[in-house]
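Right, one structure below, let's go through it.
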Amino acid sequence: MNFTDPLSFHAGKLPLLISIPHAGTRLTPTVEAGLTDAARSLCDTDWHIPRLYDFAQHIGASMVIGHYSRLVVDLNRPEDNQPLYTTATTGLFPETLFDGQPCFMPGKTPPPQERQSYLQYIWRPYHQQLQLELARIKADFGYALLLDAHSIASVIPRLFDGQLPDLNFGTNSGASCSASLSEQLIECCENQSTFSHVLNGRFKGGYITRAYGQPQNHQHAVQLELAQLNYMSETQPYSYLPERATHLQQLLHKIINTMLKWGEEQYSQ
């Protein structure tokens, strides 16, 4: 099986790496042939996140973007597939959608040997790229900042009650970054009233945040899960809505600037 271009990578000039693991829509033939009608729309995709964060690449952030759908292999789950949440969740090789419906028709899930190839040729290259770029940034600046960028439908009863806050920051309950960094990010959000926000609510950070957030080693990771209604249509065809997105991008720009300023102040002492 040919796994060409499992990811795209842009090397920047700032001490910030943006990871986008769930925007991919590419499928393998086996996965595509086995999907249920409910799964064929790829409804659990982090739609348009590369476009939403395009400005960050232009100002000099590094960026890694996964090309394959999370229905092939989830780049934000650990290689050993240990669950990250005690509540409802999906695994390394998802069997259900966020709403609980099955991903695959009976008897149509990819065989274990094929899924191991997904791990080897899709999952591992993504994480190797993250590791290489974080190491380069640390070598150049003495520290590294990682923003793991996600989005999700604003209402998913199986995963959370009611409507999700607009911006959901996750720092693995404070373990993945300095407390002063998360405090400044929340302060940044409190200086506006358009978008709601929460720190370590339903989404505390997935595997990427937990694995690479090592503040004791001057490597700080934050996950940001966005409610999709603020920049796109949450129903098919999941259209990008530029007028809404522009307002959200303005806050995202401030959030990224807050991270960068924090790093400069923290490590210039």
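Listing for the model above:
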| quantity | calculated |
| --- | --- |
| Which listed residue, of S62, S41, S19, is at pLDDT 95 or above and either acidic (D, E) or farther than 20 Å from A221 by Cβ (or both) | S41 |
| Conditions (1) buried (at least 17 other Cβ atoms within 10 Å of the Cβ); (2) without any contact (Cβ under 8 Å) to a residue 60 or more places away in the chain; (3) in a helix (DSSP H, G or I): number failed by C188 | (2) |
| Complete set of residues in segment 145-163 that are among the aliphatic types (A, V, I, L, M), touching a Gly at 6+ places or on another chain (Cβ under 9 Å) and within 28 Å of Q214 (Cβ to Cβ) | L145, L146 |
| Residues within segment 153-172 that are open to solvent by 10 Å² or more (accessible area, probe 1.4 Å) and in contact with an Asp or Glu (Cβ under 6 Å, 6 or more places away or on another chain), tallied | 2 |
| Criterion violated by G263 - all others in (1) touching a Pro at 6+ places or on another chain (Cβ under 7 Å); (2) closer than 20 Å to L14 by Cα; (3) open to solvent by 30 Å² or more (accessible area, probe 1.4 Å) satisfied | (3) |
| Only listed residue being within 17 Å of the chain's Cα centre (by Cα) and among the polar types (S, T, N, Q), chosen from S196, S176 | S176 |
| Condition met for K204 (open to solvent by 60 Å² or more (accessible area, probe 1.4 Å) and in contact with a Ser or Thr (Cβ under 6 Å, 6 or more places away or on another chain)) | yes |
| Residue match in segment 127-142 (condition: outside any helix (DSSP H, G or I) and either within 30 Å of E234 (Cα to Cα) or not basic (K, R) (or both)) | yes |
| Scan of segment 207-218 for residues that are crowded, with 16+ Cβ neighbours inside 10 Å and either part of a strand (DSSP E or B) or more than 17 Å from the chain's Cα centre (by Cα) (or both), ordered by number | Q214, P215, H218 |
| Residue among A175, A149, A221, A144 that alone is open to solvent by 10 Å² or more (accessible area, probe 1.4 Å) and either modelled with pLDDT under 95 or not hydroxyl-bearing (S, T, Y) (or both) | A175 |
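The values are calculated or read from the model by the stated rules, or taken from the named source; none is laboratory data. Because the structure is a prediction, the values reported are computed rather than measured. Quick reminder, even Gly has a Cβ in these numbers, built from the backbone with ideal geometry, and neighbours come from all protein chains shown. Side chains included, ligands, DNA and RNA excluded: accessible areas come from the protein's heavy atoms. Shrake-Rupley method; radii C 1.70, N 1.55, O 1.52, S 1.80 Å.
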